[in-house]
Amino acid sequence: MCAEARRIAALAAPTFGMQLTAVGMMSIDTVMAGHFGTSDLAAIGIGSAIYVTVLVILTGIANGITPLAARLWGSGATTELHAVLSTGMVLSIGCAMLAYPLLMMCLTMLVDTDPATMRKTQSFLGVLAIALPALLAYRLLFAMESATGRPAVLMWINVAGLVLKVPLNFILMQATSNDTGERLGVLGCAASSVIIAWASLAICCRVLLRGNVLGGIRRSGGLRVSWSALRLVLQSSVPVSAVQFVEIVSFSGMAILIARAGSNASAAHQIAANIATLLFMLPLSVGIASGVLIARSAGASALAEESVTFRAGLLMVCSLSVATTVGLLAGRNALAALFTTDVNVAALASRMLFWVAVSQIADAIQIYFCLVLRSYRIGWPAVAVAVVLRCGLGLGLGTWIAFGLDGFGAVGVWIGGFIALCAAALALGAIFHRKVASKRRLAMEVAR
């Protein structure tokens with residue numbers, strides 16, 4: 001069990017690092033735009049919200065392919081693996097090319113702001129759209145390396161990009177436009193992201209050409225798309241994108257509901273949501289790593305190893321969530337005070353952080369089972385659970401507690417989310433037991 005936990009940790013660490021660097025990139029843009037000007041900060045806030053939503057949905061392609069590729073790698077089906085990567089790459093780049101009109105449509109539908117901010121947001125999104133093909137291709141290559149090899153090198157490329165982000169932002173934000181003589185500002189942030197994205201992809205391809213996947217494709221004559229591979233990719237990735245979209249809707253719905261309670265409530269929610277997002281990365285990374293190793297074992301028909309990996313991963317996410325629960329309960333007041341000097345906002349944020357803390361175990365278990373189910377190519381039940389419980393039950397119950405019962409206020413929305421997470425963990429655990437665990441036990445008995 002300890003040896004398996006070390007294998008999971010070795011694969012989870014690069015995934016966690018990739019997530020942190022992505023958050024760091026956005027945080028650098030926000031901080032530097034805030035010092036540049038109010039309209040630039042507003043444009044970053046609006047543009048990033050729209051861009052990240054589209055990006056998260058499209059990364060469902062890479063996230064869905066990861067367990068599929070791991071299963072093919074475990075079974076030794078390298079020809080099919082190369083076809084899946086080729087198809088996934090073409091699909092990712094094709095979706096990225098179509099993303100610009102989607103970004104503009106979201107901007108016009110969701111935003112009603114002053115013309116200067118709208119113009120800057122539109123320019124910001126227009127330049128960032130150039131980075132989308134590189135970002136999606138990079139995510140797909142990281143997914144393939146996670147499934148077949150050691151993805152740590154790709155994480156270090158991202159870390160290097162994060163280090164370069166600050167000086168590159170500074171240079172490009174201060175640069176002036178030839179037409180108006182106005183400094184680029186927020187447009188410089190987008191331009192630096194484009195440069196880093198394409199440079200990272202070029203370095204990544206250079207490094208991986210001798211590896212398992214890209215090297216195999218080069219030796220076989222290049223990218224080859226097949227209808228059977230496309231069907232496999234769509235079957236794996238569409239449910240993942242659907243779940244990620246529902247989660248975005250759920251989180252955005254919480255923010256919209258809490259905004260009804262006033263600016264203090266929105267500020268407190270922002271603090272709680274930022275901390276919850278960072279903490280969520282830990283079980284998410286362990287779940288992704290466990291799912292990859294389980295899929296490899298399933299592909300190789302190694303039932304005993306598959307079972308050990310499942311138990312080790314579940315023990316790790318539960319242990320991590322207990323530790324974060326205890327730490328957050330003990331330090332929630334101090335954490336809230338770090339984010340704001342407003343006593344009322346800090347007090348409200350501390351109350352919300354209590355529910356973030358007690359939600360950790362349920363949140364870790366539900367995401368773990370969701371990711372493990374993907375390893376067995378079971379995706380749509382997780383979509384149903386997300387729609388019915390995370391959105392329906394969570395937002396509906398949260399609204400009733402917050403605005404229908406006295407004494408709860410905006411905190412009631414977080415209470416509704418906690419109840420929904422508990423229900424989702426139970427539902428996904430039951431689905432796993434019925435669709436996977438019982439059949440696996442039967443197969444192991446037959447094998448004996």
| remark: Restricting segment 279-311 to residues that are among the small types (Gly, Ala, Ser), out of contact with any Lys or Arg (no Cβ under 7 Å at 6 or more places or on another chain) and under 23 Å from Phe142 (Cβ atoms), the one surrounded by the fewest Cβ atoms within 10 Å (Cβ to Cβ) turns out to be Ala300
| message | Would you confirm whether or not segment 23-31 contains a residue that is within 26 Å of Met118 (Cα to Cα), assigned to a helix (DSSP H, G or I) and over 23 Å from the mean Cα position of the chain (by Cα)? | response | no
| note | Within segment 346-384, of all residues that are of a type outside the set (Val, Ile, Thr) and outside any helix (DSSP H, G or I), the one surrounded by the fewest Cβ atoms within 10 Å (Cβ to Cβ) is Arg377
| said: Among the residues of segment 162-186, what is the count of those that are crowded, with 21+ Cβ neighbours inside 10 Å and either at pLDDT 85 or above or assigned to a helix (DSSP H, G or I) (or both)? | reply: 4
| task | Return the only residue of Ala304, Ala323 being among the hydrophobic types (A, V, I, L, M, F, W, C), more than 26 Å from Ile401 (Cα to Cα) and without any contact (Cβ under 8 Å) to a residue 24 or more places away in the chain. | result | Ala323
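The rows are residues; the columns are (1) among the hydrophobic types (A, V, I, L, M, F, W, C); (2) outside any helix (DSSP H, G or I); (3) more than 14 Å from the chain's Cα centre (by Cα); (4) farther than 26 Å from Leu68 by Cβ.
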position: Ala265; (1), (2), (3), (4): yes, no, yes, yes
position: Gly291; (1), (2), (3), (4): no, no, yes, no
position: Ile294; (1), (2), (3), (4): yes, no, yes, no
position: Thr309; (1), (2), (3), (4): no, no, yes, no
position: Leu338; (1), (2), (3), (4): yes, no, yes, yes
| request: Could you look through segment 392-419, keep only residues that are of a type outside the set (Val, Ile, Thr), touching a residue at least 60 places away in the same chain (Cβ under 8 Å) and in a helix (DSSP H, G or I), and pick out the one that is surrounded by the most Cβ atoms within 10 Å (Cβ to Cβ)? | output: Trp414
| Ala427: assigned to a helix (DSSP H, G or I), farther than 23 Å from Gln235 by Cβ and of a type in the set (A, V, I, L, M, F, W, C), yes or no? | no
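For every residue, the table says whether it meets (1) touching a strand residue (DSSP E or B) at 6+ places or on another chain (Cβ under 6 Å); (2) in a helix (DSSP H, G or I); (3) in the same structural domain as Leu20 (by TED's automatic domain parsing); (4) among the small types (Gly, Ala, Ser).
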site: Ala261; (1), (2), (3), (4): no, no, no, yes
site: Val286; (1), (2), (3), (4): no, yes, no, no
site: Met316; (1), (2), (3), (4): no, yes, no, no
site: Ala330; (1), (2), (3), (4): no, yes, no, yes
| request: Pick out the one residue from Ala175, Ala131, Ala116 that is free of Cβ contacts under 8 Å to residues at least 24 places away in the same chain, among the aliphatic types (A, V, I, L, M) and farther than 21 Å from Leu81 by Cα. | output: Ala175
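The values are calculated or read from the model by the stated rules, or taken from the named source; none is laboratory data. Being a predicted model, the structure only gives us computed values, none of them experimental. Every residue, glycine among them, receives a Cβ derived from its backbone with ideal geometry; neighbour counts consider all protein chains shown.
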